[in-house]
1. Please name all residue pairs, on different chains or six or more residues apart, with Cβ atoms under 9 Å, provided the first residue is in region 96-108 and is closer than 10 Å to Asp217 by Cβ and the second residue is crowded, with 24+ Cβ neighbours inside 10 Å and of a type in the set (S, T, N, Q).
2. Enumerate the pairs (first residue in region 367-385 and touching a residue at least 60 places away in the same chain (Cβ under 8 Å); second residue anywhere and among the β-branched types (Val, Ile, Thr) and open to solvent by less than 40 Å² (accessible area, probe 1.4 Å)) with beta-carbon separation below 8 Å, excluding pairs fewer than 6 apart on the same chain, so at least 6 apart or on different chains.
3. Just name the residue that is nearest to Ile237 (Cα to Cα) out of those in region 157-172 that are surrounded by 15 or more Cβ atoms within 10 Å (Cβ to Cβ) and among the hydrophobic types (A, V, I, L, M, F, W, C).
4. Restricting the first residue to region 139-165 and requiring it to be at positive phi, which pairs with a second residue that is open to solvent by less than 50 Å² (accessible area, probe 1.4 Å) meet a Cβ separation below 7 Å and a spacing of at least six or different chains?
5. Looking only at region 293-349, how many residues end up being under 24 Å from Glu218 (Cβ atoms) and either among the β-branched types (Val, Ile, Thr) or part of a helix (DSSP H, G or I) (or both)?
6. With the structure loaded, tell me whether Val179 is away from the ligand (no atom under 16 Å from the Cβ), more than 20 Å from the chain's Cα centre (by Cα) and surrounded by 24 or more Cβ atoms within 10 Å (Cβ to Cβ) or whether it fails that test.
7. Of the residues Leu151, Leu110, which is part of a helix (DSSP H, G or I) and either away from the ligand (no atom under 14 Å from the Cβ) or open to solvent by 10 Å² or more (accessible area, probe 1.4 Å) (or both)?
8. Would you call Val288 in the same structural domain as Gly250 (by TED's automatic domain parsing), part of a helix (DSSP H, G or I) and crowded, with 18+ Cβ neighbours inside 10 Å?
Amino acid sequence: MQAIDSDALMQVTKRPPQVFVSGSGSWLYDQNGTRYLDFVQGWATNCLGHAPPELAQVLGRQAQQLINCSPAFFNEPAARLAGLIAAHSCFDRVFFCNSGAEANEGAIKLARKWGERHRAGAFEIITFERAFHGRTLATMSASGKPQWNSLFEPKVAGFPKAAFGDLDAVARLVNPRTVAVMLEPVQGEAGVIPASREFMQGLRALTTEHGLLLIVDEIQTGMGRCGKLFAYEHAAIEPDIMTLGKGLGGGVPLAALAAREAVCCFEPGDQGGTFNGSPLMTAVGCAVMQALLTPGFLAAVARKGLVLRLGLERLAAKHGLGEVRGEGLLLALDLGSALGPLLVERALARGLLLNAPQPHLLRFMPALNVVDEELQLALALLDALLEEQRAR
Ligand code: PLP
């Protein structure tokens with residue numbers, strides 16, 4: 001394999017030698033023309049697969065018309081996308097930014113501002129053990145990743161942690177300094193652990209009872225990934241704040257902070273960012289929304305999620321593995337042992353891209369428009385890998 005000179009890249013992760021040069025739908029191609037069935041999809045950003053023609057067209061058209069006019073001016077695609085999100089959610093206003101972490105920073109700032117205004121300076125946000133909210137200092141502090149406990153100290157204060165799923169533990173942490181509870185409807189990086197409907201409803205009732213905000217981090221779960229436009233809909237609740245990222249831009253850097261009118265208390269100068277809400281990125285977001293809102297699209301995601309789930313359950317039974325978890329097309333197969341990284345490596349060698357956010361499991365995040373044949377091919381490749389592993 002022809003290597004590239006990557007010496008000037010800062011080393012922040014171990015990368016395999018492949019250099020990817022193009023992609024189409026569920027397929028990614030390296031510099032030698034070898035193709036890979038991609039069930040990682042840019043860490044679940046490419047909701048419409050690689051290089052979808054409808055996004056390429058919008059990008060090209062918008063780039064020729066207007067790329068950025070500064071966030072201090074209105075632009076039509078940003079207003080249109082905000083309107084689409086508001087019209088299809090329980091939120092009224094949207095702030096656009098460039099990454100999930102930045103959206104969560106915005107949510108934290110908005111909650112703190114609201115606490116200053118309405119709860120006598122309350123600022124604590126109850127978050128969860130093993131949560132993942134991003135890699136800025138505040139979002140690392142809000143996260144509960146054990147490996148980060150002593151990294152980049154001191155942490156940002158004000159994020160007491162409860163065990164995920166334990167409503168009593170959350171209630172015990174509520175005090176006069178508390179302003180909000182923040183969670184992922186499905187904890188993705190922790191190992192695809194869904195919050196139960198009862199837990200989500202319990203959190204909504206508890207936060208309402210104490211006059212607190214409920215913040216859902218839908219950066220991984222939102223934009224159709226879980227078979228509904230937003231995962232909070234599965235629990236039939238209405239949160240106060242939601243953050244979006246990943247799929248919102250279909251692969252381009254676009255994220256959002258959405259909030260109910262009563263919570264929107266930023267004043268001029270409180271929040272902003274040079275690239276935020278650019279027409280180039282928000283035009284792509286509009287095209288993504290349009291695709292997801294096409295009649296039947298989300299129902300197809302739910303159906304394909306079921307197909308993949310049943311296939312994984314069959315493999316789990318056949319090879320004596322653990323449970324299959326998740327919602328829609330965000331699924332994980334618990335391997336019962338720390339085989340994840342090894343299987344990811346072997347899958348790559350066989351032309352299947354998978355990801356192991358924890359050593360004992362594999363995560364599946366195919367494009368939302370993946371077709372049944374691709375699901376069956378991924379299952380067959382995985383079956384062969386597991387068979388080979390058993391034979392060793
Ligand atoms: N929140 C959740 C639930 C995520 O899964 C991620 C990324 O994986 C983030 C926040 C951070 O998003 P970004 O990497 O775009 O900053």
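The values are calculated or read from the model by the stated rules, or taken from the named source; none is laboratory data. All values derive from a computational prediction rather than experimental measurement. Because the Cβ atoms are built from the backbone with ideal geometry, glycine has one as well, and the counts that use them run over all protein chains shown. The area values use the complete protein model at the heavy-atom level, side chains included, leaving out ligands, DNA and RNA. Shrake-Rupley method; radii C 1.70, N 1.55, O 1.52, S 1.80 Å.
1. Gly100/Thr139; Gly100/Gln220; Gly100/Thr243; Ala103/Thr243; Asn104/Thr139; Asn104/Thr243; Ala107/Thr243
2. These pairs meet every condition: Leu368/Val301; Asp372/Val307; Leu375/Val307.
3. Taking region 157-172 as the starting set, the residues that turn out to be surrounded by 15 or more Cβ atoms within 10 Å (Cβ to Cβ) are 158-162, 164-165, 167, 169-171.
Subset that is among the hydrophobic types (A, V, I, L, M, F, W, C): 159, 162, 164, 167, 169-171.
Values: Phe159: 23, Ala162: 21, Phe164: 18, Leu167: 16, Ala169: 20, Val170: 18, Ala171: 18 Å.
Checked region 157-172; the qualifying residue nearest to Ile237 (Cα to Cα) is Leu167.
4. Phe152/Met140; Gly158/Glu124; Gly158/Ile125; Gly165/Ala195; Gly165/Phe199
5. Filtering region 293-349 down to residues under 24 Å from Glu218 (Cβ atoms) leaves 293-309, 312, 323-334.
Subsequent filtering for residues that are either among the β-branched types (Val, Ile, Thr) or part of a helix (DSSP H, G or I) (or both) retains 294, 297-309, 312, 324.
So the answer is 16.
6. Details: away from the ligand (no atom under 16 Å from the Cβ): yes; more than 20 Å from the chain's Cα centre (by Cα): yes; surrounded by 24 or more Cβ atoms within 10 Å (Cβ to Cβ): yes.
Criteria met by Val179.
7. On the way: Leu151 fails: part of a helix (DSSP H, G or I).
Checking each option against the conditions leaves just Leu110.
8. Values: in the same structural domain as Gly250 (by TED's automatic domain parsing): yes; part of a helix (DSSP H, G or I): yes; crowded, with 18+ Cβ neighbours inside 10 Å: yes.
So Val288 fits the description; yes.
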